[in-house]
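So the structure is just underneath, and the comments pick up after that.
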Amino acid sequence: MRPVLRCAANGEVRIGDVVDKLADEFELSNDERAELLPSGKQATFANRVNWAKSYLKQAALVKATRRAHFVITDRGRAALENPDVHIDNAYLQQFEEFQEFRKRTKDISISDADVTEDDAVTPDEALRKAHSKINKALAADLLDRVREASPAFFERLIVELLLAMGYGGTSEDAGRALGQSGDDGIDGVIDQDPLGVDQIYVQAKRYAQGNNIGAGAIRDFFGALSLKKAPKGIFVTTSAFSPPATQTAQNLSSRIVLIDGDQLTRLMIRYNIGCREEDILSLKKVDEDFFE
């Protein structure tokens, strides 16, 4: 992690340039640079550099500036100033942001120890455990990126996700983000039929972690649905809903579905919104019928 951090010491850097610079610094051979992960889709060295940057970002030692670019923070400079400090997961654990990241991923740390065999875990269980860890780390990264995006981008993302889930059927322009003054508190709408007779209205709140949605926001959304004479709505946030907000949604006559940050990222992964499949692993077992 220290070499990755050091590359950003003089200003904004691109992660691809960091990979090349460190490969030169470590004098890697062409074969070492070209060595691929088992998936055959990404170089092992580039993968490790990207993971290092990701963990540094979660601990706020670096911060993203634009796509694939990042800069060092004051905290990162302080870490670099002490040459005796070994910057690893144990060092990052002292920072509240990294602790929160570990909590979100439920002690999800990517390490060889997680996938080694022991008496209590079968090989296929270890594989599924590793898959779960990767997905939870991906979810945390997606949530960070969504929170950093613009409100307009977030509204379009929600509409695109709902269309990918099958809402709106196949008609053109079935989903659209409103996001403008005079939308009566509605951020998006999904037409359930070609004529737009049956519609689902969407409210989207891009909030930081801990800034939870209260009951008042749910009542305001209910009022907006009433103005539209809409029977149902979806309220999405990147944070969470307070217990009173959840209870209020259950008590109101209109059907309001609540989607918090954790559920949002699970749906994004399931429907490939903001992410894509890198590899597919097939688990096979003996065909007993064949041998009979």
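Each Lys and Arg Cβ is given +1 and each Asp and Glu Cβ -1; about its Cα centre, segment 1-103 then shows a dipole of about 500 debye.
Given their separation in residues at 0.36 nm each and the Cα-Cα distance between them, Gln209 and Ser226 gain 3.2 nm when the chain is fully extended. Its Kirkwood hydrodynamic radius, worked out from the mean inverse distance over all distinct Cα pairs, puts segment 1-103 at 14.2 Å.
Packing around the peptides 277-284, 96-103, 27-34, 264-271, taken as the average count of other Cβ atoms within 10 Å per residue, puts them in this order, highest first: 264-271, 96-103, 27-34, 277-284. Sorting 141-148, 85-92 by average packing, meaning the other beta carbons within 10 Å per residue, from highest down gives 141-148, 85-92. Taking a ≥ b ≥ c as the square roots of the eigenvalues of the alpha-carbon gyration tensor, segment 1-61 is classed oblate because a/c is 1.5 or more while a/b is no larger than b/c.
Other residues whose C-beta falls under 11 angstrom from the C-beta of Tyr207 contribute a net charge of +2, scoring Lys and Arg +1 and Asp and Glu -1.
Ranking Tyr167, Ala139, Ser150 by Cα position along the charge dipole of segment 128-171, where only Lys, Arg, Asp and Glu carry charges on their C-beta atoms, puts Ala139 farthest toward the positive end. For segment 184-288, with only Lys/Arg (+1) and Asp/Glu (-1) charged at the beta-carbon, what is the dipole magnitude about the Cα centre, in debye rounded to 20? Here the size comes out at about 360 debye.
Cross-link partners of Lys41 among lysines, defined as those whose alpha carbon lies under 27 angstrom from its own and excluding same-chain residues fewer than eight positions apart: Lys21, Lys53, Lys57, Lys63, Lys129, Lys133, Lys136, Lys284, Lys285.
Please work out how much length the chain gains when fully extended from Lys63 to Ser150, using 0.36 nm per residue of separation minus the C-alpha to C-alpha distance, in nm with one decimal. Mind showing how you got there, number by number?
Details: separation 87, 0.36 × 87 = 31.32 nm, distance 1.66 nm.
That works out to 29.7 nm of additional length.
Separation of segment 220-264 and segment 56-89, taken as the distance between their Cα centroids, equals 38 angstrom.
Each value in this text was obtained by applying a stated rule to the coordinates, not by laboratory testing. Note that the structure is a prediction, hence the values are computed from the model and not measured. Cβ atoms come from the backbone with ideal geometry, glycine included; neighbour counts cover every protein chain shown.
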